[in-house]
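Visitor: Quick one: this structure, given as structure tokens, is what I'll be asking you about.
The values are calculated or read from the model by the stated rules, or taken from the named source; none is laboratory data. As the structure is a computational prediction, the values presented were derived from the model and not from experiment. Cβ coordinates were reconstructed from backbone atoms using ideal geometry, including for glycine residues, and neighbour counts include every protein chain displayed.
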């Protein structure tokens, strides 16, 4: 992996700038962890008990997590037809948001970039105190502030997974 400089948010700034800044930093780390990978490497399963946890699979999942929280939970968009909400006949999760074996890594990253940009548009257009419009689950009615904190946690957690998967693929290491 090449070493690219990432930037933390300003030490002194308003709450929105800090929250979005930390989330954007984690998003940059996600992209950085994928630098230099071939499509074959990005789709390689290296954890036998979690075969969908590939570099491309994690990034695809994060793309759909952005959609879940900002489009569906916050704005109240219909979850029907979105892969993260698809269930099997018995109600089991299908994890379709992780399944991108035939999708080139560049496309997975471009889709993630587009989802992050859309999320940032939504965040910029609303108060942190505004509440989500999704009534199907309790957290869908949390504040935008809560959703931002959750997305920071979710993205950082999966950035850690990317650290480990990348190291197992090609011994690539690097933090921040």
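Visitor: Among residues belonging to segment 163-176 that are under 19 Å from residue 65 (Cβ atoms) and surrounded by fewer than 21 Cβ atoms within 10 Å (Cβ to Cβ), point out the one that is nearest to the chain's Cα centre (by Cα).
Guide: To start, the set of residues in segment 163-176 that are under 19 Å from residue 65 (Cβ atoms) comprises 163-165.
Cutting the leftovers down to surrounded by fewer than 21 Cβ atoms within 10 Å (Cβ to Cβ) gives us 163-164.
Details: 163: 14, 164: 16 Å.
The qualifying residue nearest to the chain's Cα centre (by Cα) is 163.
Visitor: Okay, moving on. Would you mind stating whether residue 148 is crowded, with 19+ Cβ neighbours inside 10 Å and at pLDDT 95 or above? Steps first, answer last, please.
Guide: On the way: crowded, with 19+ Cβ neighbours inside 10 Å: yes; at pLDDT 95 or above: yes.
Yes, satisfied.
Visitor: Being more than 15 Å from the chain's Cα centre (by Cα) and more than 15 Å from residue 166 (Cα to Cα) is the filter here; which residues of segment 49-72 pass it?
Guide: The one that is more than 15 Å from the chain's Cα centre (by Cα) and more than 15 Å from residue 166 (Cα to Cα): 49.
Visitor: Could I ask something else about it? In the list 117, 124, 159, 106, which residue meets the criterion of being modelled with pLDDT of 95 or more and over 16 Å from the mean Cα position of the chain (by Cα)? Quick ask: steps written out before the conclusion?
Guide: Details: 117 fails: over 16 Å from the mean Cα position of the chain (by Cα); 159 fails: over 16 Å from the mean Cα position of the chain (by Cα); 106 fails: over 16 Å from the mean Cα position of the chain (by Cα).
Only one candidate passes the filter, namely 124.
Visitor: While we're here: Criterion first (surrounded by 14 or more Cβ atoms within 10 Å (Cβ to Cβ) and assigned to a loop (DSSP other than H, G, I, E, B)) does residue 52 satisfy it?
Guide: Values: surrounded by 14 or more Cβ atoms within 10 Å (Cβ to Cβ): yes; assigned to a loop (DSSP other than H, G, I, E, B): yes.
Answer is yes for this residue.
Visitor: Turning to a different aspect of this structure: Would segment 73-92 turn up any residue that is outside any loop (DSSP other than H, G, I, E, B), crowded, with 23+ Cβ neighbours inside 10 Å and touching a helix residue (DSSP H, G or I) at 6+ places or on another chain (Cβ under 8 Å)? Write out each step before concluding.
Guide: Pass one, segment 73-92, residues outside any loop (DSSP other than H, G, I, E, B): 73-74, 83-85, 87.
After this cut, where a residue has to be crowded, with 23+ Cβ neighbours inside 10 Å as well, the list is 73-74.
This time we only want the ones that are touching a helix residue (DSSP H, G or I) at 6+ places or on another chain (Cβ under 8 Å), so: 73-74.
There is at least one residue in segment 73-92 that is outside any loop (DSSP other than H, G, I, E, B), crowded, with 23+ Cβ neighbours inside 10 Å and touching a helix residue (DSSP H, G or I) at 6+ places or on another chain (Cβ under 8 Å).
Visitor: Just one of 128, 152, 148 is over 22 Å from residue 54 (Cβ atoms), in contact (Cβ under 8 Å) with a residue 12 or more places away in the chain and not in a helix (DSSP H, G or I); which is it?
Guide: Working: 152 fails: not in a helix (DSSP H, G or I); 148 fails: not in a helix (DSSP H, G or I).
Result of the check over 128, 152, 148: 128.
Visitor: Also, quick follow-up: Could we say that residue 6 is touching a residue at least 24 places away in the same chain (Cβ under 8 Å), surrounded by fewer than 18 Cβ atoms within 10 Å (Cβ to Cβ), under 18 Å from the mean Cα position of the chain (by Cα) and within 24 Å of residue 167 (Cα to Cα) here? Lay out the reasoning, then the answer.
Guide: Numbers: touching a residue at least 24 places away in the same chain (Cβ under 8 Å): yes; surrounded by fewer than 18 Cβ atoms within 10 Å (Cβ to Cβ): yes; under 18 Å from the mean Cα position of the chain (by Cα): yes; within 24 Å of residue 167 (Cα to Cα): yes.
For residue 6, the condition - touching a residue at least 24 places away in the same chain (Cβ under 8 Å), surrounded by fewer than 18 Cβ atoms within 10 Å (Cβ to Cβ), under 18 Å from the mean Cα position of the chain (by Cα) and within 24 Å of residue 167 (Cα to Cα) - is met.
Visitor: Given (1) over 14 Å from residue 136 (Cβ atoms); (2) within 15 Å of the chain's Cα centre (by Cα); (3) part of a helix (DSSP H, G or I), where does residue 100 come up short, assuming only one miss?
Guide: It fails just one condition, (3).
Visitor: Applying the selection to segment 122-145, what residues are surrounded by fewer than 16 Cβ atoms within 10 Å (Cβ to Cβ) and more than 14 Å from residue 17 (Cα to Cα)?
Guide: 129, 130, 133, 135, 136, 137, 138, 139
Visitor: Further question on the same structure: Return only the number of the condition from (1) surrounded by fewer than 20 Cβ atoms within 10 Å (Cβ to Cβ); (2) without any contact (Cβ under 8 Å) to a residue 60 or more places away in the chain that residue 60 does not satisfy.
Guide: Among (1) surrounded by fewer than 20 Cβ atoms within 10 Å (Cβ to Cβ); (2) without any contact (Cβ under 8 Å) to a residue 60 or more places away in the chain, residue 60 violates only (1).
Visitor: Report yes if some residue within segment 76-90 is touching a residue at least 24 places away in the same chain (Cβ under 8 Å), under 15 Å from the mean Cα position of the chain (by Cα) and more than 18 Å from residue 159 (Cα to Cα); otherwise report no.
Guide: No, segment 76-90 has no match at all.
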